[in-house]
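In what follows, a structure is listed as structure tokens, so that the remarks can point back to it.
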Amino acid sequence: MKILFLFFNKFSFTELVQGVAYTSAGEYTFRISEVAGTVGGITYDKVVSYFDVTVGDADMNGSLEIQNVKGFQNAVASYDASTCNYHVDVTVNNKYAP
């Protein structure tokens with residue numbers, strides 16, 4: 001008998017998005033992939049996810065701000081108006097077979 005478990009886990013990259021010091025206006029692309037571990041029986045997800053961060057000075061105050069974040073391929077971007085933060089969550093699907 002073979003038992004197969006699927007793990008669906010989300011990881012947040014919000015701190016990364018908010019913490020980067022952008023030095024010029026433009027679009028920045030981030031690539032995310034899982035580093036395969038060494039745990040027996042696990043097949044690690046090989047999907048590569050991307051998200052783009054658009055940076056500019058829309059309010060013309062001389063400071064660069066994040067204007068938009070878009071997620072692609074298992075990366076979901078959203079904006080939280082209550083905290084004025086962009087959030088990026090990535091879903092990783094690993095499989096386990098004992």
For the range 22-95, the percent of accessible surface on carbon and sulfur atoms (probe 1.4 angstrom, ligands and nucleic acids excluded) is 52
Phi-based couplings in Hz for the range 53-68 (Karplus 6.51, -1.76, 1.60; Gly and Pro marked x): 10, 9, 10, x, 10, 5, 8, 6, 9, x, 10, 7, 9, 6, 9, 6
Between residue 46 and residue 79, what is the label-point separation in nm under the 7 Å Cα-to-beta-carbon projection? 3.7
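The values are calculated or read from the model by the stated rules, or taken from the named source; none is laboratory data. Keep in mind that this is a model prediction, so the values were computed, not measured. Here the Cβ is made from the backbone with ideal geometry for all residues, glycine too, and neighbour counts use every protein chain on show. Note: areas computed on protein heavy atoms with side chains; ligands, DNA, RNA excluded. Shrake-Rupley method; radii C 1.70, N 1.55, O 1.52, S 1.80 Å.
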